[in-house]
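Engineer: Can you read through this structure? Questions will come right after.
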Amino acid sequence: FSNLGFIGIPVVSSVLGAEYVVYVSQFLLIYNLVFYTYGRTLMRGKFNLAALRSLINPGNIACVLAMVLVLANIQLPGFLKTAVDYLGGAASPLALVSVGFTLANANVKEIFGDKKLYLFTFLKLLVLPLVLLPLLRLLPVDDGLAAVCLVMFGMPVGSMPLMLITERGLDGRTCTAAVIMSTILCVVTVPILMSFV
């Protein structure tokens, strides 16, 4: 499960343009649906219908509102647009600050000394997105949407799985290491992915 919100939105906005962020909103809705059903089922071993209530949260409500605004061609008043732009601009630095705090409390030798983690990160950030690229080319989508899909598939590991692990009282060191390493290495892999678009 990737970090689509805090890193995906700013990356898509800066690399492809703000007009493509609406596609990220759609990704986030699908992501959350899969996370709160399949992801929670993986952790608990059984499906829990009550987990679907977790889908009603500020992030999903914002995604739905964003799609309604775009589809209905509703323009926000200037002061609201400015406030939203400032909040959006703060998302990426805040995510990186969060990773920095986690890194400060982590065993750096344990993280960067794990060869399996490098393999996982390579597969997650480069191989999987590049395997999916030919499949995207088969679909009747424009190049911009294909680029958004490629970026979304190549985002680093998100913190939501770590929250589930913590909630269950399990050891989250490997997940923490995957979040840190994939976030740091995506600075290199995202430009590589963009060269294929």
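Engineer: If Pro134 satisfies all but one of (1) of a type outside the set (Phe, Trp, Tyr); (2) surrounded by 16 or more Cβ atoms within 10 Å (Cβ to Cβ); (3) modelled with pLDDT under 90; (4) more than 30 Å from Arg44 (Cα to Cα), what's the number of the condition it fails?
Structural biologist: (2)
Engineer: Against the conditions (1) closer than 26 Å to Ser182 by Cα; (2) in contact with a Phe, Trp or Tyr (Cβ under 7 Å, 6 or more places away or on another chain); (3) modelled with pLDDT under 80, where does Arg40 fall short? Just the number, please.
Structural biologist: All conditions pass for Arg40, except number (2).
Yes/no per residue for (1) of a type in the set (A, V, I, L, M); (2) more than 17 Å from Ile7 (Cα to Cα); (3) open to solvent by 40 Å² or more (accessible area, probe 1.4 Å):
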residue	(1), (2), (3)
Pro156	no, no, no
Ser159	no, no, yes
Met163	yes, yes, yes
Arg168	no, yes, yes
Thr174	no, yes, yes
Val179	yes, no, no
Ser182	no, no, no
Val187	yes, no, yes
Ser195	no, yes, yes
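Engineer: On to the next question. Give the residues of the stretch 91-128 that are within 20 Å of Ile9 (Cα to Cα) and either at pLDDT 70 or above or polar (S, T, N, Q) (or both), sorted by residue number.
Structural biologist: Ser92, Pro93, Val97, Ser98, Lys124, Leu125, Leu126, Leu128
Engineer: Name the pairs whose Cβ atoms lie under 7 Å apart, with the first residue in the stretch 184-197 and in contact (Cβ under 8 Å) with a residue 40 or more places away in the chain and at negative phi, the second surrounded by 10 or more Cβ atoms within 10 Å (Cβ to Cβ) and of a type in the set (Ser, Thr, Tyr), and 6 or more positions between them or separate chains?
Structural biologist: What qualifies is Leu185/Thr121.
Engineer: I'd like the residue in the stretch 1-18 that is touching a residue at least 12 places away in the same chain (Cβ under 8 Å) and open to solvent by 50 Å² or more (accessible area, probe 1.4 Å) and, out of all such residues, is farthest from the chain's Cα centre (by Cα).
Structural biologist: Ranking the qualifying residues of the stretch 1-18, first place goes to Val15.
The values are calculated or read from the model by the stated rules, or taken from the named source; none is laboratory data. Here the structure is a predicted model, which means the values were calculated and not measured. All Cβ positions, even for glycine, are placed from backbone atoms using ideal geometry, and neighbour counts span all protein chains on display. Areas reflect the complete protein model, heavy atoms only, side chains present, ligands, DNA and RNA absent. Shrake-Rupley method; radii C 1.70, N 1.55, O 1.52, S 1.80 Å.
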